[in-house]
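Worksheet: one structure, shown below.
The values are calculated or read from the model by the stated rules, or taken from the named source; none is laboratory data. Keep in mind that what you see is a predicted model, and the values were worked out from it rather than measured. So basically every Cβ, Gly included, is an ideal-geometry build from the backbone, and we count neighbours across all protein chains shown. Areas reflect the complete protein model, heavy atoms only, side chains present, ligands, DNA and RNA absent. Shrake-Rupley method; radii C 1.70, N 1.55, O 1.52, S 1.80 Å.
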Amino acid sequence: MADKFDVIVIGGGPGGYVAAIRAAQLGLKTACIDQYTGKDGKPAPGGTCLNIGCIPSKALLDSSKHFHHVTNEFADHGISVKSASMDIKKMIARKDEVVKKLTGGVTQLFKGNKVEYFHGKGKLLAGRQVEVSPADGGDAITLSAENVILASGSVPIAIPNVEFDGEYIVDNVGALDFVEVPKRLGVIGAGVIGLELGSVWNRLGSEVVLLEALEKFLPVADITIAQQAAREFGKQGMKVKLGTLVKGAKVVKKEVLVTLEDKDGESQLTFDRLLVAVGRKPYTEGLLAEDSGVKLTERGQIEVDDQSKTTAPGVWAVGDCVRGPMLAHKASEEGIAVAELIAGKAAHIHFDTVPWVIYTEPEVAWVGKTEQQLKEEGVDYRVGSFPFAANGRALAGGHPAGLVKILADAETDEVLGVHILGANASELIAECVVTMEFHGSSEDLARIVHAHPTLSEAVHEAALHVDKRAIHRGN
């Protein structure tokens, strides 16, 4: 007889472990299955985000940012530092320790909330049966549940004629563990992952070239923000080659020879390391038995409705393996919503107010519509913006790059989108998300008292500028 649960979650990433904890909080007997193993050989729940994605990349971004400040910006503050150097092994070790603390924290949260944790790979069978293959190679066991939540996440996309070898040609995981700074780093893809990891090694002295097949830089972002971001990254020494298709790559005498094609024809570039960062795809390999009843879309995503229900009764799916943006916070909120729906509560996710962030320096963050989207949709709108160069706190801190841009409905003044390039954009966007979640207006933002001096005053001034009454800039 299979062990019986109210809820079984397959996947322990930001969607899965959060769903499991919330389900347990609601009094449901819950199990979570996750196959991640840490560098120490121990179970490491937390999925891609905690183990090889969001968290380790941010640890390296912060370490490299500190080094960049020491070597390039401290002198402006009157601080003299001679012969600064970066211990790469220590930087990587610190990153690993941060990961270990957080994955260990998830394990403790499972224990504290009485979530039964299985370290292994889960496979959905017919009738909400789940086969668990233990990570240690032991015999498989079968569990069953009234509800199953699929939170299997995503994996990097590979491209033809560019084979990962884990040393010279790597995905994002390999780029988190370089043992030395590559003199020349090629990055295929100028999206979020490429820009963030490219920034890490650029700050530490690598000559970084991003090879982007698209003709436009960051087309998902607002065009004003994307154009200014491109200029800032260029000033930092990162080169972006747009409209460049990678035809192949091979390792020759400890160098990576990359064949490219652009408007001028075919050419070659040589790098010491090559990072492939062209995006991610849903991870469903070995997840579903043929008779599980769960259907996939043409894009390989698990098919779900607006409440995250799959085509199989009692089976739900959240996170990167379903529609919508592949963002950890989106997955977490979906996981919470599904747990609450299972428990008979009302729950809903507003995808229009999910924020996006790129953790470069300056940071890029946005929520809602871009200006180009509003034009395409024929929406009549007004624009307000404010540069950080006119913000007292930004100047005092030495971070004058970027701006805040607010888009509001021309008739109702409801905020339709906010786009930020600048220091702490990842934190500043939260105020704008709250405003949009409650259908607030630019007038609402303009009338809120913001502390002085703060970076958030740029949001306030941009809101005032929508109505052409900003105080600290021309209207």
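Taking only the Cα atoms of the chain, the ratio Rg/Rh comes out at 0.98, with Rh defined as the Kirkwood radius. Annotation: the range 265-419 has a Kirkwood hydrodynamic radius of 19.5 angstrom, from the mean reciprocal C-alpha pair distance. Note on the range 71-150: Kirkwood hydrodynamic radius from all Cα pairs is 17.3 Å, rounded to one decimal. As a fraction of the 1.4 Å probe accessible area of the range 1-45, surface on carbon and sulfur atoms comes out at 50 percent.
Note on surface exposure: T297, T360 rank T297, T360 by accessible area, highest first, 1.4 Å probe. Normalised per residue, the accessible area of the chain is 47 Å², obtained with a 1.4 Å probe and no contribution from ligands, DNA or RNA. Rolling a 1.4 Å probe over the protein heavy atoms of the range 263-384, with every protein chain left in place, gives an accessible area that is 46 percent carbon and sulfur. Remark: for residue pairs K58/K216; K65/K468; K114/K330; K95/K121; K100/K253, the C-alpha separation exceeds 31 Å in K65/K468; K100/K253. A straight Cα-to-Cα reach below 16 Å connects K369 with the lysines K405, residues fewer than 8 places away in its own chain not being considered. Going by accessible surface with a 1.4 Å probe and the largest first, W201, W356 read W356, W201. Across the protein chains, with a 1.4 Å probe defining accessible surface, the residues D96, D139 rank D139, D96 from largest area downward.
Considered as an equivalent ellipsoid built on the Cα gyration tensor, the range 195-240 has semi-axes of 19, 11, 8 Å, the largest given first. Report, ordered by chain and residue number, the aspartates and glutamates lying within cross-link reach of K29, taken as a straight Cα distance under 19 Å and ignoring same-chain residues fewer than 8 apart. Partners within reach: D3, D6, E116, E131, E146, E340. Counting only protein heavy atoms and using a 1.4 Å probe, the accessible area of E212 comes to about 30 Å². Near V315: Cβ cut-off under 9 Å, other residues only, Lys/Arg at +1 and Asp/Glu at -1. The net charge is +2.
The radius of gyration of the Cα set in the range 414-475, together with its Dmax, comes out at 10.9, 30 angstrom. When the helices of the chain are scored as -39500 (n - 2.57) per DSSP H run of n ≥ 4 and the total is divided over every residue, the value at 222 nm lands at -9500 deg cm²/dmol. Here the chain is scanned for trypsin sites (Lys or Arg not before Pro) in DSSP loops (not H, G, I, E, B) that have at most 13 other Cβ atoms within 10 Å, and the longest stretch holding none of them is 346-467. For L214, nonlocal amide neighbours, meaning residues 5 or more places apart or on other chains whose placed amide H falls under 5 Å from its own, are G243, T244. In the assembled protein chains, H66 presents an accessible area of approximately 110 Å² (probe radius 1.4 Å). When the alpha carbon coordinates of the range 1-70 are projected onto the principal axes, the ranges are 60, 27, 13 Å, largest first.
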